[in-house]
Amino acid sequence: MNKLMIPCLYLQYEKAVTGFGQRNLFGDGNVEALAKFYSDNGADELLVFDFSSEDLEHEKAIGKIKDICDASEIPVIAAGNIKRMEDVKKLIYAGCAKTVLNFSKQSNIELLEEVSKRFGKEKMVVSISAIQEFAAHKDLIENYAGAVLALDTVQDSIAEVSSIPVILHTDEGREDMLLELLKTKAVGGLSGAYVSSHDTGLLDFKNKCKELGISVNTFESNIAWSEFKLNSDNMIPVVVQDYKTDEVLMVAYMNEEAFHTTLKSGKMTYWSRSRNELWTKGLTSGHVQYVKSLTLDCDNDTILAKVAQVGAACHTGNRTCFFNTLIKKEYDDTNPLRVFQDVYDVILDRKEHPKEGSYTNYLFDKGIDKILKKVGEECTEIVIAAKNPDKEEIKYEISDFLYHVMVLMAEKGVTWEDITRELARR
């Protein structure tokens, strides 16, 4: 099993602070930006400690954790201030992949079995700060938790009596010591100061792990460069797409050095034919392309790269290099996500810029009760239409229902990205 790198965010008053009991901001304290940074730079998961104490502050923290989950493209683990089943439920619904129960608290020990049965063992992590906390509840933890978060150097003692995965949270900052820890069977994941630092190149650290035979998640090609069909310059063209929208951003070329640099760094790197040099996209402009996937075509002579694009892909400042229309025949775009988003955008525009006579504005003016009444009515119409063998009627009613649901989404501030993220997690 691969060893995981898990940076941690310490959340206080909706900002990131520098550690347990600290009030100094970590950077500018922007937790969404930090979550995105870790996602793009080699982290496997993200651990968030909620330092709130009062209930109102805790509610705000859960809202901020939802924002972190929305910004993060890696699983988020939430820890801190969990007192009851409702806290776990809110964190799971906020988008957290896992929650941490603190076994120094009797109430959390009593809570584990109930929340594990409700939400799943794989979503439960138990934090341990002394071996006695594990030994006294070994069977309970193994039956109802998927992993242990060790807040002290107890991982070896746990490994002696159990095979449960252990995430080590440590303030140890010496790279050589951390590599030695990761070599042991006891440590399944690493969290704490070193992997959370902006100065740590996680992908570089992972490459060092790999050189020492430590199994970690890195970019490795399933097909060797020697099997690629290259052009006369010993290069291969790369078509670059936005990984979310599938928009084609640019076309460039890689030689072998550029390909392996891309795999090692996680950032799209090409060979500049005009400058005759290696070119990591965004190195000077900041418009970096973080690798999401690389796919070879059927002839092994073209790569399709899906990337997270920062800023503009084109040197002109345009989002994409393909903006000069040569010819265009009018057609209906029936791509489901684009159609949903386009209709939703029109609904949002009506909400922000009311138009006289607009049915959408009529619904917004009447308020949430009217919108909910229409959603209920359209849902009933679907049930009635489904009894009719003619699919045209149900097609019409489902379209009506989806429109009214989108009005409800706009009223409540829910986006299609919120919905698709939630579906993707299930």
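Observations, loosely collected:
- Cross-link partners for residue 387 among the lysines, with Cα-Cα distance under 16 Å and sequence neighbours closer than 8 places in the same chain left out: 395.
- Fully extending the segment from residue 362 to residue 197 would add 54.3 nm, taking 0.36 nm per residue of separation and subtracting the current Cα-Cα distance.
- Residues in segment 239-253 carry Karplus couplings, in order, of 8, 10, 10, 5, 5, 8, 9, 6, 5, 6, 9, 6, 10, 8, 10 Hz; the curve used is 6.51 cos²θ - 1.76 cosθ + 1.60 with θ = phi - 60°, and Gly or Pro positions show x.
- Distance (nanometres) between label positions extended 7 Å along Cα→Cβ at residue 395 and residue 340: 1.9
- Relative contact order (%) - the chain, alpha-carbon pairs under 8 angstrom, separation at least six: 10
- Placing dummy labels 7 Å off each Cα toward the beta-carbon, the span from residue 179 to residue 304 is 3.9 nm.
- Between amide H atoms placed 1.01 Å from N, distances below 5 Å from residue 148 occur with 126, 166, 167, all of them 5 or more places distant or on a separate chain.
- Looking at segment 23-120, the GluC sites (Glu not before Pro) that sit in a DSSP loop and have at most 15 other Cβ atoms within 10 Å of their own Cβ are 54.
- Rounded, prolate or oblate (a/c below 1.5 giving rounded, otherwise prolate when a/b exceeds b/c) for segment 205-268 by Cα gyration tensor: oblate
- Cross-link pairs 123/412; 208/267; 121/185 - those with Cα-Cα distance over 20 Å: 123/412; 121/185
- Segment residue 386-residue 1, length gained on full extension (0.36 nm per residue, minus Cα span): 133.8 nm
- Förster radius 35 Å - calculated FRET efficiency between residue 140 and residue 14 (Cβ-Cβ, nearest 0.05): 0.55
- Within segment 154-235, the GluC sites (Glu not before Pro) that combine a DSSP coil assignment with at most 10 other C-beta atoms in a 10 angstrom radius are 220.
Bear in mind that the values in this text are calculations on the coordinates, not laboratory data. Because the structure is predicted, anything quoted here is derived from the model rather than measured. With ideal geometry, Cβ positions are generated from the backbone for all residues, glycine too; neighbour counts draw on all protein chains shown.
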